[in-house]
Amino acid sequence: LLLLCYTEEAAAIVSGLKNTDVFVGESATFTCKLSHPGVKNVQWWLDGSPLHNNFVTEISEQDGMIHTLTLNDVACHDSGTVTFRAGSLISSAKLLVKGISLLE
């Protein structure tokens, strides 16, 4: 049973976040596309902690519909669940950061 809660704009998620595997030091990008612009209260989360735009975390929006999160220079502890929330719409995906083992 799938329940969709619509805001007054009646927006929907056209394409949601996808699980992403990257290596330590790389960038991970997540994109969520909404059916139309105007959705309020857009927020990104990593394992329940809200994310904000800074030199490591890049949050962008195109045409009010395509929302993108880029995590730069990721570390192993960045592995977790990335969540995009726009009003009552939610999409989540897993981020797996793989380490590189160097044997002396």
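The values are calculated or read from the model by the stated rules, or taken from the named source; none is laboratory data. These figures come from a predicted structure and were not determined experimentally. Neighbour counts run over all protein chains shown; Cβ positions are idealised from the backbone, glycine included. Heavy atoms of the whole protein, side chains included, go into the accessibility calculation; ligands, DNA and RNA do not. Shrake-Rupley method; radii C 1.70, N 1.55, O 1.52, S 1.80 Å.
If I filter the range 55-75 for residues that are farther than 18 Å from Thr20 by Cβ, of a type outside the set (Gly, Ala, Ser) and loosely packed, with under 11 Cβ neighbours inside 10 Å, do I get at least one hit? Reasoning before the result, please.
Within the range 55-75, the subset farther than 18 Å from Thr20 by Cβ is 55, 61-65.
Pick out the ones that are also of a type outside the set (Gly, Ala, Ser) and you get 55, 61-63, 65.
From what's left, loosely packed, with under 11 Cβ neighbours inside 10 Å: 55, 63.
Yes.
Taking the range 13-53 only, how many residues are free of Cβ contacts under 8 Å to residues at least 12 places away in the same chain and open to solvent by 80 Å² or more (accessible area, probe 1.4 Å)?
The number of residues fulfilling the criteria is 2.
Filtering the range 76-89 down to residues that are more than 24 Å from Ile100 (Cα to Cα) and in a strand (DSSP E or B), which residue is most open to solvent (accessible area, probe 1.4 Å)?
First, the residues of the range 76-89 that are more than 24 Å from Ile100 (Cα to Cα): 83-89.
Of the ones still in play, those that are also in a strand (DSSP E or B) are 83-86, 89.
Numbers: Thr83: 26, Phe84: 0, Arg85: 98, Ala86: 0, Leu89: 15 Å².
The selected residue is Arg85.
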